[in-house]
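The structure appears right after this line, and notes come after that.
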Amino acid sequence: MKNGNSEKKKVLFVCIGNMIRSQMAEGFAREGGSAFIETFSAGVKPTGVVSEEAVVVMREKGIDISDHRSKGLDDVPVLEMDYIVNMSGYDLKSLVPSAMAGAIIDWHVEDPLGRSLQYFRETRDNLEPRINEFLRQLWQDKIPG
């Protein structure tokens, strides 16, 4: 999608509970890519809440995810996604409808659930450059879809 294309790509970030990693990724992607992507997040087993620690560490970066809510794959338009970034550790091909034509990209990102606030910061700081590079590649049409 070159910068002249007005149609936004749809990107879904997935983790297990949609309470930490995918919420952070969604926050970074909205902050950096809202001009050219539509961003969603979901969980394989949604918890119904967003981690307070995730809200705190994202706020430290100037990104407010306090109004986000935990959602499942059934709560987002999976079939419309151009890309799904999977951080759940699950094989998403078996969990999304076979008609989903978008690309699934697997990232290994440790789950900070139950760990220290510092570990949440490390997770956030691991995600930020990955999201920025992903957005850069999307902007330059370098990610196959």
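Laid out as a table, the results:
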{"read-out": "Residues located in region 113-137, provided they are under 19 Å from V49 (Cβ atoms) and crowded, with 16+ Cβ neighbours inside 10 Å", "value": "L113, Y119, F120, T123, R124"}
{"read-out": "Odd one out for I131 among (1) aliphatic (A, V, I, L, M); (2) closer than 18 Å to K45 by Cβ; (3) in a helix (DSSP H, G or I)", "value": "(2)"}
{"read-out": "Members of region 35-61 found to be out of contact with any helix residue (DSSP H, G or I) (no Cβ under 8 Å at 6 or more places or on another chain) and either small (G, A, S) or touching a residue at least 24 places away in the same chain (Cβ under 8 Å) (or both), listed by number", "value": "A35, E38, K45, T47, G48, V49"}
{"read-out": "Residues of region 92-114 classified as farther than 13 Å from M24 by Cβ, touching an Asp or Glu at 6+ places or on another chain (Cβ under 9 Å) and assigned to a loop (DSSP other than H, G, I, E, B), total", "value": "3"}
{"read-out": "Residues that are aliphatic (A, V, I, L, M) and either touching a residue at least 60 places away in the same chain (Cβ under 8 Å) or part of a loop (DSSP other than H, G, I, E, B) (or both), drawn from region 66-86", "value": "V76, V78, M81, I84, V85"}
{"read-out": "Pairs with Cβ under 6 Å, 6+ apart, first in region 87-103 and in contact (Cβ under 8 Å) with a residue 60 or more places away in the chain and under 14 Å from L12 (Cα atoms), second of a type outside the set (A, V, I, L, M, F, W, C) and surrounded by 13 or more Cβ atoms within 10 Å (Cβ to Cβ)", "value": "M87/R21; L92/N86; G102/D82; G102/Y83"}
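Conditions tested, residue by residue: (1) surrounded by 15 or more Cβ atoms within 10 Å (Cβ to Cβ); (2) assigned to a loop (DSSP other than H, G, I, E, B).
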position	(1), (2)
P46	yes, yes
E53	yes, no
V57	yes, no
D64	no, yes
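A short reminder: the numbers here are calculations on the coordinates, not readings from a lab. Since the structure is predicted, the reported quantities are computational estimates derived from the model, not experimental observations. Backbone-built Cβ (ideal geometry, glycine too); neighbour counts: all protein chains shown.
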